[in-house]
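See structure below.
Derivation of every value follows stated rules applied to the coordinates shown; laboratory data play no part. These numbers come from a predicted model, not from an experiment. Here the Cβ is made from the backbone with ideal geometry for all residues, glycine too, and neighbour counts use every protein chain on show.
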Amino acid sequence: MSSTSKPSARLRIRAGRTELEVALDDTPTVAALLEALPFESSARTWGEEVYFDAPISVDLEPHARQIVEPGTVCFWVEGSALALPFGPTPISTDGRPKLASRCNVLGRVLGDARALANVRAGDKVRVEAA
């Protein structure tokens, strides 16, 4: 098995008037997320991160990280939420997104993750297979 996971699926995320497609890796959290599709939630923001509740409960995976690159699709186990960082958060120290705690890494936003800057707290979010 190679060190880079091959994308297993894609999601479409609509948040307010912003629409993104994400490529997902093959992980236990992704499998649980795909089983829960489609679902709706409400956006929350934290610095340059959009996050929202997802109807799954999983354990922290071995490769979970707290500091990620912009556009990384993460699952915040402690908050049962998808986290989509696109820039620094309030606790970032070097310009990269630093999540509230270690999160499972699920994949990447395709295209420009900065489009998430248009999402506002309270915007309706819909997550479905792409």
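Data table
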item: Protection-proxy order for peptides 10-22, 89-101, each taking the mean of Cβ atoms within 10 Å per residue, highest first; result: 10-22, 89-101
item: Inter-centroid distance (Cα atoms) of the stretch 85-130 relative to the stretch 27-48, Å; result: 11
item: Cα extents of the chain along the three principal axes, largest first (Å); result: 37, 33, 27
